[in-house]
Amino acid sequence: MRKVLVVFLILLVGGVIAADRIGVRMVQNEIGERVAAQYDLPRRPEVTIHGFPFLTQAIGGEYDRIDVAVGDYTQQRVTVKDVRIEMRGVQAPLDQVTAGNTANVVVRAANASAVIPYELMRQYAPKQVTGIKANGPDLQVDLSGSLGGLPVSGTAVVSVEATEGGVRFTPRSVGTGGVQIPVNLVRQQLAWTVPVRDLPIGSRISRVEVTPDGVRVAATAQNVNLGALAAG
């Protein structure tokens, strides 16, 4: 009898685990479908619900952490890459979620990030910029052409910052033919902005980081109402 009970318990636990994993996959797929529809994405993003057991979180209506890998994201005809969203403390009452109601779904803390690729920077850069690459915390750009009627062929070190109008690129030093040019003379002509202001959590970009793939931008938001975002 003891062996029978042990086998029964093993099967029961296995069934609960299987049901838990099936449930989490179904919800992940549903979240992915809704995110894709809300942001008009070409494909369903990859969603990962962390924490075990999932069923306990679902019944309790609060999830420890949910990650969404969006991939490419286009806003106002500007496409950024590798968009990731990390949500912690997601309060989603089970009865409302099953009814498709997101009005009261609140995220305690949300972090989003994306990469502005170098080819996108080039699209908005002045015509004198012929190449862009990482240079520590800054960017190094190759220059060719003319400024103010003077020929220019050299490099510039460019700083990156988040502004109200988007991500701003501003030269810090400019050299041509081995000679440093006073940056005040050319700053305005060589500065540019990529109009990426917001990420999918509805928050303005507040952090930037130069990487080999481009400039990674990030935003953080607290107490995000997903229903309000959907309505917007």
Check: Across the stretch 114-131, in residue order, what do the Karplus-derived ³J(HN,Hα) couplings come to in whole Hz, using 6.51 cos²θ - 1.76 cosθ + 1.60 with θ = phi - 60° and x for Gly and Pro?
Finding: 7, 10, 8, x, 4, 5, 5, 4, 4, 4, 9, 6, x, 5, 6, 7, 10, x
Check: Near the amide H of Val78, under 5 Å away, which other amide H atoms are found, from residues 5 or more places off or on another chain, if H is placed in the peptide plane?
Finding: none
Margin query: Can you give me the distance in nm between label points at Gln123 and Ser206, each placed 7 Å from the Cα along the Cα-to-Cβ direction?
Written below: 2.8
Item checked: Separation between Cα centres of the stretch 111-126 and the stretch 151-224, rounded to whole Å -> 9
Check: About the Cα centre of the stretch 125-232, what is the dipole size in debye to 20, counting +1 per Lys and Arg Cβ and -1 per Asp and Glu Cβ, all else neutral?
Finding: 100
Check: Could you give me the ³J(HN,Hα) list for the stretch 24-34, computed from phi with Karplus coefficients 6.51, -1.76, 1.60 and θ = phi - 60°, whole Hz, x at Gly and Pro?
Finding: 5, 5, 4, 5, 4, 5, 5, 4, x, 4, 6
Next item on the list: Would you please give the residues with an amide H less than 5 Å from that of Ile181, counting only those at least 5 places away or on a separate chain, with H modeled from the backbone geometry?
Entry: Val174, Gly175, Thr176
Next item on the list: Take the stretch 119-198, compute every pairwise Cα distance, and split them into 10 Å bins from 0; I just need the percent in each bin.
Entry: 19, 56, 23, 3
Checklist line | HN-Hα J in Hz across the stretch 57-67 - Karplus 6.51, -1.76, 1.60, θ = phi - 60°, x for Gly and Pro | finding: 5, 5, 5, x, x, 9, 10, 4, 7, 10, 10
Margin query: Can you give me the long-range amide H partners of Gln128? Hydrogens built in the peptide plane at 1.01 Å from N, cutoff under 5 Å, separation of 5 or more residues or another chain.
Written below: none
Next item on the list: Give the residues of the stretch 36-70 whose amide nitrogen is closer than 20 Å to a point set 7 Å from the Cα of Asn104 in the direction of its Cβ.
Entry: 56-64
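If you average 1/r across every pair of different Cα atoms in the stretch 63-193 and take the reciprocal, what Kirkwood value do you get, in Å?
Hydrodynamic radius (Kirkwood, Cα only) of the stretch 63-193 equals 17.7 Å.
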Next item on the list: Taking the Cα centre of the stretch 130-188 as origin, sum charge times position over the Cβ atoms of Lys and Arg (+1) and Asp and Glu (-1), and report the length of that vector in debye to the nearest 20.
Entry: 80
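Every number in this text was worked out from the coordinates using simple rules, so none of it is lab data. What you see is a predicted model, and the numbers here were worked out from it, not measured in a lab. FYI the Cβ positions are ideal-geometry reconstructions off the backbone, even for glycines, and counts take in every protein chain you see.
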